[in-house]
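Peer 1: Take a look at the following structure, please.
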Amino acid sequence: MHLLDYPRRLLSIAETVNRWAGALAALDRTRRAKVARYAETIAETLARAARHSARLMAAPNDKMAERGLVREFGRITGYLETLVGVLQHHLDGRKLAGVKRRLEQLGPCGTLAASDATVAKIRADRLLAAEGYFRALADSLRV
């Protein structure tokens, strides 16, 4: 998958997972706390990805920012897969199937060519919106 597609797909997954808050409230306290920790970790990782994205928009040839963005996207994918695994037996199969399908679509992300004029289209706002959804989910589970 192209690096530019990640923010949109991550936002879509975040919106879906956030809608599960009601169903997740029925989990036992320990499992809710675990899911909240994952959601918080994903949110922190999204915030780092947004910072790398902003650096890359300011300087399209910044290879460190590009590598950092790819690294954070890989982490997010791993955290989301773990989160879905934790919830496997606690949510309706249809809900999980949609997110699993989206996770499969994420796949490994490519890199941007230094001359790629579309680098400015990396949407840090989508990453920050996804971060907000995961923070809201974590907050709702800690109440």
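Peer 1: What is region 46-109's relative contact order, in percent, from Cα pairs under 8 angstrom and six or more apart in sequence?
Peer 2: 31
Peer 1: What does the net charge come to around Gln88 if you take all other residues with beta carbon closer than 14 Å to its beta carbon, with K and R at +1 and D and E at -1? Provide the component values of the computation, followed by the final result.
Peer 2: Details: positive: Arg31, Lys34, Arg94, Lys95, Lys100; negative: Glu81, Asp92.
For residues surrounding Gln88, the net value is +3.
Peer 1: Which one of Leu137, Ser53, Ala25 is farthest out on the positive end of the charge dipole of the chain, using unit charges on Cβ (Lys, Arg +1; Asp, Glu -1) and the Cα centre as origin?
Peer 2: It is Ala25.
Peer 1: With a 1.4 Å probe and all protein chains kept in place, how much accessible area does Lys95 have, in Å² rounded to the nearest 10?
Peer 2: Estimated to the nearest 10 Å², Lys95 gives 80 Å².
Peer 1: Separation between the Arg142 and Glu44 pseudo-spin-labels, each 7 Å from Cα along Cα→Cβ, expressed in nm?
Peer 2: It works out to 1.1 nm between the two label points.
Peer 1: Kirkwood hydrodynamic radius, computed over distinct alpha-carbon pairs, for region 1-108: how many Å, to one decimal?
Peer 2: Averaging 1/r across every pair of different Cα atoms and inverting gives 14.6 Å.
The values are calculated or read from the model by the stated rules, or taken from the named source; none is laboratory data. Since the model is a prediction, treat every value here as computed from it, not as a measurement. A quick note on method: Cβ atoms are made from the backbone with ideal geometry, for glycine too, and the neighbour counts reach across all protein chains shown. To get the accessible areas, we keep the full protein, side chains included, count just its heavy atoms, and leave off ligands, DNA and RNA. Shrake-Rupley method; radii C 1.70, N 1.55, O 1.52, S 1.80 Å.
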